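Read through the structure below, which is laid out as structure tokens, and then see the notes.
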Amino acid sequence: MSGTILALENVTVRFGGLAAVEAVSFHVEPQTVHGLIGPNGAGKTTAFNLISGLGHQSDGHIRFDGERIDDWPSWRRAQRGLGRTFQNIRMFGEMTALENVLAGMHAHVGGGLGAALLRLQSFRAAERAAILKAREILAFVGLADPSARAGNLPYGDQRRLEIARALASDPKLMLLDEPAAGMNPSETSGLIELLLRLKARGVTLLLVEHDMHFIMHLCDRITVLNFGRKIAEGTPLEVRSDPKVIEAYLGTKVAERLEAGARVR
Amino acid sequence: MPAFLDDFLFSYQSLIYSLGINGLLALSMYVVLAIGQLSLGQAAFMGLGAYTSALLTLKVGAPFPIVLLAAMAVPALAALIIGAPTLRLSGVYLALATIGLGEVLRIAFVNSELTGGALGLSGIPEKAGYTIIFGSLALALIAFVLVSRSRIGRAMEAMREDEVAAGMLGVDLPRYRISALVVSAMLAGLAGAFNAHVSSFISPNDYGFDAAVTILSFALLGGIGSPFGPVVGVVILTLLPEVLRPLHDFRLVFNGLIIVIAVLFMPHGLLPWRIGRTGARA
């Protein structure tokens, strides 16, 4: 497990008496796409928040890139290479697309207060390099106009821009929270195509998604949560035929009928 | 200098001083608003600067540059003390704590022998002038423009728009919050020192809650899309009472009305222009 980029070990979070996530363990291998699925209320977004430092677990440990990050605030995790997007897009709407991506480079672009005030040669060179790189990233995700105001972009483009912004921080692991939510079928297939290109680039992805076609198409491994507990894990094929998963999604009766049907066949 | 200009500067001297001093105060408000925080302690920081500087000049006879440095250092220290516990939290805690700071200081000034009690301090020599006041304002404006067009400016705007998302990009939120508050306190303290050294007289009531709200309205009226917005707000709000003088008793009513209309119909302020955030052309 030395190559593991992210490992959750018996992670539990309780809100009052309710355990939103209970004793969940799983790990993500580098350069893979890992899916986190489950019915509504299964604890997927809560797990994402624990991993990205927007909430803290009551019990258990999280390791990222070999280090225990339990007490780290979100910006420290981000500085060490954890990027994420949000279920409800969190765009810097007043800024241009280019500035959004540049903001994503915050942890890498040089230039302290002194350098910015004195406008040193090195400061301007670093800014120029950052702008060129930001343009490349925008082109990579398929956004044509770097000077467009982010808040004015259509929904699908805002999703792309949010991915571009997270990508700009050059993350070792990128968390995508329901990237296809609210997209029409053509936008979704465009997104799948983009994420496949990300995967080909070697970016490690952990994604929460409801669109099963999307998940089955992209993921190397899938972890299934239900009522805060892990109920299954494996390749898309294994997970799809797991009776516990079918039961969680479709209910006991349907699961029994499907199983009966399988036996008859 | 032509004679008419000389006359003009002489007759309107205190008004022109106010423009420069209020400009510094508006910028001190801008730094905090620019990262999405709200402070109502600008008047208190200004008062700390004014009293620190006046006491150093009157009682110690310190040279003016030292006086100015101290007038920035003391409010900066107060900002650190009040910022450390409140800035770890997001939301209105800073606003509440700074209102508290203002009241505590005002009462301390009123009740202390050293600060002359409710009568304040008088006989402060007029050591500040056009050059240093407007020079400081110009330097502060240039510094803000340069910082805006850098990664620091981008992080600040990102924080104002969405703090959670900014944090997820690696922006060290507490550090930015405390730095903004300290810079803000230093600017307000400097403005306070200028105020004390042009008006020759200061009293606790100059730095109360009214003043804090006036400083906030400079920035709200002008807009915070760029550092120039708050300065535009200052020009309007400082000159308006003079322009409206013929209205006599109705002056303040119209003053208030104009602010309300501007805020309602121009949510981005009188100067909605937004400063770019890139540090080079490429």
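The values are calculated or read from the model by the stated rules, or taken from the named source; none is laboratory data. Since this is a predicted model, take the numbers as computed values, not measurements. Heads up, the Cβs are rebuilt from the backbone with ideal geometry, glycines too, and the neighbour counts pull from every protein chain shown.
Evaluate the following for A:Ala126: is it assigned to a helix (DSSP H, G or I) and closer than 15 Å to B:Arg277 by Cα?
yes
For the range A:122-136, how many residues are among the charged types (D, E, K, R) and in contact with a Pro (Cβ under 9 Å, 6 or more places away or on another chain)?
The number of residues fulfilling the criteria is 1.
So in the range A:138-152, with the set limited to residues that are of a type in the set (A, V, I, L, M, F, W, C) and either outside the structural domain of A:Ala97 (by TED's automatic domain parsing) or surrounded by fewer than 20 Cβ atoms within 10 Å (Cβ to Cβ) (or both), which one is modelled with the lowest pLDDT?
Only one residue tops the list, namely A:Ala144.
Only one of these conditions is not met by A:Val109: (1) closer than 20 Å to B:Leu173 by Cα; (2) hydrophobic (A, V, I, L, M, F, W, C); (3) touching a Phe, Trp or Tyr at 6+ places or on another chain (Cβ under 9 Å). Which number is it?
It is condition (3) that A:Val109 fails.
Would you point out which residue out of B:Gly167, B:Gly120, B:Gly116 is within 14 Å of chain A (Cβ to nearest Cβ), more than 27 Å from B:Val231 (Cβ to Cβ) and not polar (S, T, N, Q)?
Testing whether each residue is within 14 Å of chain A (Cβ to nearest Cβ), more than 27 Å from B:Val231 (Cβ to Cβ) and not polar (S, T, N, Q) leaves just B:Gly167.
Do any residues in the range A:100-125 that are touching a residue at least 12 places away in the same chain (Cβ under 8 Å) and on the phi < 0 side of the Ramachandran plot have Cβ atoms under 8 Å from those of residues that are of a type in the set (Phe, Trp, Tyr) and part of a helix (DSSP H, G or I), where the two are at least six apart or on different chains, and which pairs are they?
Between residues of the range A:100-125 that are touching a residue at least 12 places away in the same chain (Cβ under 8 Å) and on the phi < 0 side of the Ramachandran plot and residues that are of a type in the set (Phe, Trp, Tyr) and part of a helix (DSSP H, G or I), the close pairs are A:Gly110/A:Phe123.
Select from the range B:94-153 the residues that are under 26 Å from B:Ile178 (Cβ atoms) and among the small types (Gly, Ala, Ser) and list them in ascending order.
B:Ala95, B:Ala97, B:Gly100, B:Gly102, B:Ala108, B:Ser136, B:Ala140, B:Ala143, B:Ser148, B:Ser150, B:Gly153
Taking the stated definitions as given, is A:Lys253 modelled with pLDDT under 90 and either of a type in the set (D, E, K, R) or in a strand (DSSP E or B) (or both)?
Against the criterion (modelled with pLDDT under 90 and either of a type in the set (D, E, K, R) or in a strand (DSSP E or B) (or both)), A:Lys253 qualifies.
Of the residues A:Ile62, A:Ile51, which is part of a helix (DSSP H, G or I), closer than 30 Å to A:Glu247 by Cα, of a type in the set (A, V, I, L, M, F, W, C) and more than 7 Å from chain B (Cβ to nearest Cβ)?
Answer to the selection: A:Ile51.
Tell me the residue from A:Ala139, A:Ala116, A:Ala107, A:Ala164 that is facing another protein chain (nearest Cβ under 10 Å), part of a helix (DSSP H, G or I) and either in contact with a Leu (Cβ under 7 Å, 6 or more places away or on another chain) or not β-branched (Val, Ile, Thr) (or both), please.
It is A:Ala116.
Restricted to the range B:249-282, and to residues that are within 14 Å of chain A (Cβ to nearest Cβ) and among the basic types (Lys, Arg), which residue is farthest from A:Lys133 (Cα to Cα)?
Filtering first and then ranking leaves B:Arg274.
Condition check: within 29 Å of B:Ile224 (Cα to Cα), polar (S, T, N, Q) and either more than 8 Å from chain B (Cβ to nearest Cβ) or not in a loop (DSSP other than H, G, I, E, B) (or both). Does A:Ser147 satisfy that?
yes
Could you please find all residues in the range B:123-144 being facing chain A (nearest Cβ under 10 Å) and more than 26 Å from B:Ile82 (Cα to Cα)?
B:Ile142 - this is the single residue of the range B:123-144 that is facing chain A (nearest Cβ under 10 Å) and more than 26 Å from B:Ile82 (Cα to Cα).
Does B:Ala166 satisfy the condition of being free of Cβ contacts under 8 Å to residues at least 40 places away in the same chain, surrounded by 24 or more Cβ atoms within 10 Å (Cβ to Cβ) and of a type outside the set (Lys, Arg)?
Yes: the conditions hold for B:Ala166.
Only one residue in B:Pro246, B:Pro241, B:Pro174 is modelled with pLDDT under 95, surrounded by fewer than 20 Cβ atoms within 10 Å (Cβ to Cβ) and within 14 Å of chain A (Cβ to nearest Cβ), so which one is that?
So the residue among B:Pro246, B:Pro241, B:Pro174 that is modelled with pLDDT under 95, surrounded by fewer than 20 Cβ atoms within 10 Å (Cβ to Cβ) and within 14 Å of chain A (Cβ to nearest Cβ) is B:Pro174.
Which of the following residues is within 14 Å of chain A (Cβ to nearest Cβ) and hydrophobic (A, V, I, L, M, F, W, C): B:Ala196, B:Ala158?
B:Ala158
Can you name the number of the only condition in (1) touching a helix residue (DSSP H, G or I) at 6+ places or on another chain (Cβ under 7 Å); (2) under 24 Å from B:Ile152 (Cβ atoms); (3) modelled with pLDDT of 95 or more; (4) among the hydrophobic types (A, V, I, L, M, F, W, C) that B:Ile82 fails?
If we test B:Ile82 against (1) touching a helix residue (DSSP H, G or I) at 6+ places or on another chain (Cβ under 7 Å); (2) under 24 Å from B:Ile152 (Cβ atoms); (3) modelled with pLDDT of 95 or more; (4) among the hydrophobic types (A, V, I, L, M, F, W, C), just (3) comes out false.
Select from the range A:74-88 the residues that are facing chain B (nearest Cβ under 7 Å) and without any contact (Cβ under 8 Å) to a residue 24 or more places away in the chain and write down the one among them that is nearest to A:His106 (Cα to Cα).
Applying the filter and picking the extreme gives A:Trp75.
Does A:Gly17 qualify as being among the small types (Gly, Ala, Ser) and either within 8 Å of chain B (Cβ to nearest Cβ) or touching a strand residue (DSSP E or B) at 6+ places or on another chain (Cβ under 6 Å) (or both)?
Spelling it out, it is not the case that A:Gly17 is among the small types (Gly, Ala, Ser) and either within 8 Å of chain B (Cβ to nearest Cβ) or touching a strand residue (DSSP E or B) at 6+ places or on another chain (Cβ under 6 Å) (or both).
Can you tell me which residues in the range A:52-72 are without any contact (Cβ under 8 Å) to a residue 40 or more places away in the chain, under 18 Å from A:Lys172 (Cα atoms) and surrounded by 14 or more Cβ atoms within 10 Å (Cβ to Cβ)?
A:Gly53, A:Ile69, A:Asp70, A:Trp72
Let's see how each residue does on (1) touching a helix residue (DSSP H, G or I) at 6+ places or on another chain (Cβ under 8 Å); (2) exposed (fewer than 14 other Cβ atoms within 10 Å of the Cβ); (3) in contact (Cβ under 8 Å) with a residue 24 or more places away in the chain:
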site	(1), (2), (3)
A:Met174	yes, no, yes
A:Gly190	yes, no, yes
A:Lys199	yes, no, yes
A:Arg229	no, no, yes
A:Glu256	no, yes, no
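Residue under question is A:Val224, and the condition is that it be within 28 Å of A:Ile192 (Cβ to Cβ), among the β-branched types (Val, Ile, Thr) and either assigned to a strand (DSSP E or B) or touching a residue at least 12 places away in the same chain (Cβ under 8 Å) (or both); does it hold?
The answer is yes for A:Val224.
Hey, could you check the range A:11-63 for residues that are within 17 Å of the chain's Cα centre (by Cα) and of a type in the set (Lys, Arg) and say which is farthest from A:Arg77 (Cα to Cα)?
A:Lys44
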